[in-house]
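Since the structure comes first, as structure tokens, the remarks are kept for the end.
The values are calculated or read from the model by the stated rules, or taken from the named source; none is laboratory data. Just so it is clear, the model here is predicted, and its values are computed rather than measured. Using ideal geometry, Cβ is built from the backbone for each residue, glycine included, and neighbour counts are taken over all protein chains shown. In case anyone asks, the SASA skips ligands and DNA or RNA and just uses the protein heavy atoms, side chains included. Shrake-Rupley method; radii C 1.70, N 1.55, O 1.52, S 1.80 Å.
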Amino acid sequence: MDPLILLQDSPAQRGEKLALCQKELLRQRVTALKAICEKYKLGPLELADRAREITTVLNVVCSEWLIEARAVASTAQIPTASFMALTHPPEKVQPSFLPKRANDSTAAGISLSGPKIRGMFMENCDGPQTCHHVISRAPSPGSLAYIAVTEAADIGVKCFVNEAGLAGSYHIGPQVQDYSNAATQPSIVLRQICERATSCAQAVAEFAELQKRLGAGTPDRRAVLYLFADSNGEVMLLEATGSRFLKHSAPSGFILTTNKLQLSTGNTSMTEPFRQRCLREHLSAAPLTLERMVDASRLNRSSGTEKGVSDAETRASFIAVLGAPGHIS
């Protein structure tokens with residue numbers, strides 16, 4: 001297991017520390033990006049153009065992230081444009097940088113009624129690189145400190161819990177017709193929500209504003225599925241395409257998500273993924289406790305070619321306990 005990395009102080013200092021921890025991995029990621037671009041015969045300006053697009057977004061959303069990213073690239077001694085483009089790769093090479101096991105991630109948001117614990121959140125994720133756990137101390141006035149899991153070289157986050165007791169994650173979903181190639185990638189959307197929102201209601205408001213102002217990216221023309229849980233005991237599923245989104249909230253019980261649409265299925269099969277069924281059956285079998293949530297993240301059953309919630313290829317299991325105000329874990 002990788003050690004936790006404490007990122008604090010100024011944006012430049014945060015970037016420098018992150019780069020020192022991941023220097024070789026970041027160089028490998030940039031080398032891989034360049035090799036794939038050469039394979040697809042992309043022009044020399046492709047990466048620079050993508051870097052400009054994501055830079056524009058970061059200047060609007062949070063300029064501190066841009067300072068942090070430039071410090072990462074400088075300290076790791078990698079081209080800044082290439083590093084920035086890893087968060088927003090050229091459309092032709094996007095499939096190569098999405099998780100190879102993109103249909104294997106699983107998440108659960110659970111609402112409880114205890115005096116201190118109001119909810120729990122679990123995310124099991126797979127990806128092309130080992131996930132890195134990051135603790136960030138309120139990077140700017142008005143923002144929230146958080147613990148998150150990130151993919152190497154991604155400026156955004158994959159899943160998080162912040163100091164207000166809001167937890168969330170995103171999954172890449174199935175193909176959709178109304179997609180967007182906007183530079184506001186899902187990891188950037190999630191980081192904005194992570195640092196600004198204190199509840200599921202605020203999370204959807206932040207998402208709606210970003211989609212209205214900048215457009216929300218749908219990598220490889222796929223839908224994006226966000227799941228949130230907060231310390232008030234609310235759980236919310238938000239499924240987004242490039243032009244619209246649908247949400248479903250649950251004040252009690254639980255919501256599970258994999259990489260399949262549930263709220264707007266279109267031509268998508270309604271068959272429940274095996275790993276989602278494994279998780280639902282486990283959580284329904286007995287009263288929900290932290291111990292049972294930990295057990296859920298370790299479910300390692302399979303059916304033919306379908307995996308369960310976890311297996312040897314699972315990169316990270318993230319569990320957050322959400323309490324009443326003053327009791328956030």
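Being assigned to a helix (DSSP H, G or I), under 18 Å from Leu214 (Cα atoms), among the hydrophobic types (A, V, I, L, M, F, W, C) and in contact (Cβ under 8 Å) with a residue 60 or more places away in the chain is the filter here, so list the residues in the range 55-95 that pass it.
Val57, Leu58, Val60, Val61, Trp65, Met84
Please enumerate the residues belonging to the range 136-151 that are among the β-branched types (Val, Ile, Thr) and open to solvent by less than 10 Å² (accessible area, probe 1.4 Å). Can you show your working first?
Quick first cut of the range 136-151, residues among the β-branched types (Val, Ile, Thr) only: 147, 149-150.
Matches in the range 136-151: Val149 only.
Answer with yes or no whether Val309 is open to solvent by less than 10 Å² (accessible area, probe 1.4 Å) and either of a type outside the set (A, V, I, L, M) or more than 17 Å from the chain's Cα centre (by Cα) (or both). Working first, answer last.
Numbers: open to solvent by less than 10 Å² (accessible area, probe 1.4 Å): yes; either of a type outside the set (A, V, I, L, M) or more than 17 Å from the chain's Cα centre (by Cα) (or both): yes.
Yes, satisfied.
What pairs come out if I take residues in the range 220-239 that are closer than 13 Å to Ala164 by Cβ and pair them with residues that are surrounded by fewer than 24 Cβ atoms within 10 Å (Cβ to Cβ) and of a type in the set (Asp, Glu) whose C-beta lies under 9 Å away, six or more apart or interchain?
Pairs that qualify, where the first residue is closer than 13 Å to Ala164 by Cβ and the partner is surrounded by fewer than 24 Cβ atoms within 10 Å (Cβ to Cβ) and of a type in the set (Asp, Glu), are Phe228/Glu234.
Residue by residue through the range 177-186, note down the ones that are surrounded by fewer than 21 Cβ atoms within 10 Å (Cβ to Cβ) and either within 28 Å of Gly165 (Cβ to Cβ) or among the acidic types (Asp, Glu) (or both). Steps first, please.
Step one: list which residues in the range 177-186 are surrounded by fewer than 21 Cβ atoms within 10 Å (Cβ to Cβ), which gives 177-182.
Asp178, the sole residue that qualifies.
Checking the structure you have, find out if any residue of the range 225-237 is polar (S, T, N, Q), within 24 Å of Val309 (Cβ to Cβ) and at pLDDT below 95.
Let us first name the residues in the range 225-237 that are polar (S, T, N, Q), namely 231-232.
Now narrow it down to the ones that are within 24 Å of Val309 (Cβ to Cβ): none.
No, because not a single residue in the range 225-237 is polar (S, T, N, Q), within 24 Å of Val309 (Cβ to Cβ) and at pLDDT below 95.
Each row is one residue, and each column tells you yes or no for (1) touching a helix residue (DSSP H, G or I) at 6+ places or on another chain (Cβ under 7 Å); (2) modelled with pLDDT of 95 or more; (3) among the hydroxyl-bearing types (Ser, Thr, Tyr); (4) in a helix (DSSP H, G or I).
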| site | (1), (2), (3), (4) |
| --- | --- |
| Arg14 | yes, no, no, yes |
| Glu24 | no, no, no, yes |
| Arg29 | yes, no, no, yes |
| Ala32 | no, no, no, yes |
| Glu53 | no, yes, no, yes |
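Taking the range 65-87 as the search range and keeping residues that are open to solvent by less than 40 Å² (accessible area, probe 1.4 Å) and not aliphatic (A, V, I, L, M), which one is farthest from the chain's Cα centre (by Cα)?
Thr75
Yes or no, residue by residue, for (1) of a type in the set (Gly, Ala, Ser); (2) at pLDDT 95 or above; (3) at negative phi; (4) not in a loop (DSSP other than H, G, I, E, B):
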site	(1), (2), (3), (4)
Glu206	no, yes, yes, yes
Gly215	yes, no, no, no
Asp220	no, no, no, yes
Asn267	no, no, yes, no
Gln276	no, no, yes, yes
Glu281	no, no, yes, yes
Ala296	yes, no, yes, yes
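Being in contact with a Ser or Thr (Cβ under 8 Å, 6 or more places away or on another chain), surrounded by fewer than 21 Cβ atoms within 10 Å (Cβ to Cβ) and among the hydrophobic types (A, V, I, L, M, F, W, C) is the filter; apply it to the range 189-237 and report the residue that is nearest to Gly142 (Cα to Cα).
Taking the candidates together, the pick is Leu210.
I'd like to verify a number: residues in the range 93-102 that are modelled with pLDDT under 80 and not aromatic (Phe, Trp, Tyr), how many? Show your work before the answer.
From the range 93-102, those modelled with pLDDT under 80 are 97-102; that's our starting set.
Narrowing the set further to residues that are not aromatic (Phe, Trp, Tyr) leaves 98-102.
Number satisfying all stated conditions: 5.
Just checking, does the range 124-137 include any residue being of a type in the set (D, E, K, R) and modelled with pLDDT under 90?
yes
Could you check how many residues of the range 14-52 are surrounded by fewer than 17 Cβ atoms within 10 Å (Cβ to Cβ) and closer than 20 Å to Ile188 by Cα?
Total satisfying the criteria: 3.
Take the range 306-329 and flag every residue that is out of contact with any strand residue (DSSP E or B) (no Cβ under 9 Å at 6 or more places or on another chain) and at pLDDT below 80.
Start the filter on the range 306-329 by keeping residues that are out of contact with any strand residue (DSSP E or B) (no Cβ under 9 Å at 6 or more places or on another chain), which leaves 306-307, 311-313, 325-326.
If the condition is that a residue be out of contact with any strand residue (DSSP E or B) (no Cβ under 9 Å at 6 or more places or on another chain) and at pLDDT below 80, then Ala312, Glu313, Pro325, Gly326 are the ones that fit.
Considering each of Lys260, Lys247 in turn, give the residue that is open to solvent by 10 Å² or more (accessible area, probe 1.4 Å), in contact with a strand residue (DSSP E or B) (Cβ under 8 Å, 6 or more places away or on another chain), basic (Lys, Arg) and at pLDDT 95 or above.
On the way: Lys260 fails: at pLDDT 95 or above.
The match here is Lys247.
Working carefully through the options Ser105, Ser143, Ser111, find the one that is farther than 19 Å from Leu237 by Cβ and modelled with pLDDT of 70 or more. Full working, then the answer.
Working: Ser105 fails: farther than 19 Å from Leu237 by Cβ; Ser111 fails: farther than 19 Å from Leu237 by Cβ.
Within the list Ser105, Ser143, Ser111, the selection yields Ser143.
Just for the range 152-176: of the residues that are closer than 21 Å to Ala240 by Cα and assigned to a loop (DSSP other than H, G, I, E, B), which one is most open to solvent (accessible area, probe 1.4 Å)?
So, considering only residues that are closer than 21 Å to Ala240 by Cα and assigned to a loop (DSSP other than H, G, I, E, B), the one most open to solvent (accessible area, probe 1.4 Å) is Asp154.
Assess whether Ala35 counts as being free of Cβ contacts under 8 Å to residues at least 24 places away in the same chain and not charged (D, E, K, R).
Taking the combined requirement at face value, the residue satisfies it.
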